[in-house]
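The next block holds one structure in the form of structure tokens; read it before the comments.
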Amino acid sequence: MTRITVVGGTGYAGSAIVAEAARRGHEVVSVSRNAPAEEARVEGVRYETGSLVDADTRARAVADAEVVVSSLSPRGELDGRIVEVDRELAALAEQHGARFVVVGGYSSLRLEEGGPRQAETGQLPPEFASEALQMNEVLGGLLASSDELDFTFVSPALQFGSYAPGEALGRYRVGGEVAFTDDAGVSAVSGADFATAIVDEIETPAHRREHISVAY
Ligand SMILES: NC(=O)c1ccc[n+]([C@@H]2O[C@H](COP(=O)([O-])OP(=O)(O)OC[C@H]3O[C@@H](n4cnc5c(N)ncnc54)[C@H](OP(=O)(O)O)[C@@H]3O)[C@@H](O)[C@H]2O)c1
């Protein structure tokens, strides 16, 4: 049993991770500004509320955790602040000796070995560019961090998100920082299978201080 705090544990990625971790018997805390509706609560999960923009909430989120998962998105209040918030959470995780796992974006992946990260090509659709650049900056900060910080930054497949929740197929593949596809050339993963990959990585750490990707 591991004490896991998921910041953004009521969002698309976060709620799937919270559900999978609780199902496997971990002690799970979710932190977000709003408590979820009764029917969206996962049994056994402790839902705490507060804004991660506040230092007190960040301190509370990390204090008792062995693993902190950040599945915040650079939207709304966090648009323009995610880099700072994830940097502060990482610093706290390092101080407490907790592991820090960040759910990032597909566009931090390289489309070919030795090529640029997609977010760095200047060729992103305008509707994704800001989010992609901010999450890529979070990744840059982690890659440049002190060796003491135990982080893993996880990029999901291209087809991932609340618009395409998919089904639990019970399988996934883990790659590095170069994007990969299935045999049909599709880059996709459901929320449930992505969450399984995250909890597997928490239970069996295999990618310390690495940028990895999860897709079918
Ligand atoms: N294909 C892709 O590459 C892809 C697709 C989708 C998402 N992503 C990435 O996955 C990550 C998670 O995205 P998502 O879509 O799962 O996010 P989401 O559904 O928007 O969830 C965001 C979560 O953060 C919480 N939150 C927002 N502002 C907060 C604040 N100030 N303080 C505390 N909690 C706050 C929200 O709850 P409250 O509003 O109640 O606070 C919610 O729990 C992001 O890095 C995103 O870029 C990647």
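Here, each number is a calculation from the coordinates, and none is a lab measurement. Because the structure is a prediction, the values reported are computed rather than measured. Don't worry about glycine lacking a Cβ; one is built from the backbone with ideal geometry, like all the others, and counts go over all protein chains shown.
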Check: How large is the charge dipole for region 47-168, taken about the Cα centre, if only the Cβ atoms of Lys, Arg (+1) and Asp, Glu (-1) carry charge, to the nearest 20 debye?
Finding: 180 debye
Notebook entry, point to check: For region 48-121, with the dipole built from +1 on Lys and Arg beta-carbon atoms and -1 on Asp and Glu ones, taken about the Cα centre, which of Leu111, Val85, Ser71 lies farthest toward the positive end?
Noted result: Leu111
Margin query: Test of understanding: what is the full-extension gain from Ala206 to Asp64, defined as 0.36 nm times their sequence separation minus their Cα-Cα distance?
Written below: 48.9 nm
Check: So between Glu167 and Arg23, what do we pick up on full extension, going 0.36 nm a residue minus the alpha carbon distance?
Finding: 50.1 nm
Next item on the list: For region 44-100 and region 131-148, compute the distance between their C-alpha centroids and round to whole Å.
Entry: 15 Å
Next item on the list: Please identify, among Ala93, Ala168, Ala16, the residue showing maximal mean-square fluctuation in a Gaussian network model of the chain using a 10 angstrom Cα cutoff.
Entry: Ala168
Checklist line | Mean Cβ count within 10 Å, highest first, over the residues of peptides 49-55, 8-14, 66-72, 114-120 | finding: 66-72, 8-14, 114-120, 49-55
Check: Say R0 is 30 Å: what FRET efficiency, to the nearest 0.05, do Glu43 and Ala91 get from their beta-carbon distance?
Finding: 0.40
Check: Lys/Arg Cβ at +1, Asp/Glu Cβ at -1, dipole of the chain taken about the Cα centre: which of Ala192, Ser155, Ala40 is farthest positive-ward?
Finding: Ala40
Next item on the list: Return the distance in nm (one decimal) between the two label points of a simple spin-label model at Thr121 and Asp182, each offset 7 Å from Cα along Cα→Cβ.
Entry: 2.2 nm
Margin query: Suppose we keep just the alpha-carbon trace of the chain; what are its Rg and Dmax in angstrom?
Written below: 16.0, 47
Notebook entry, point to check: Based on Cβ point charges of +1 for Lys and Arg and -1 for Asp and Glu, what charge dipole magnitude is obtained for region 3-215 about its Cα centre, in debye rounded to the nearest 20?
Noted result: 160 debye
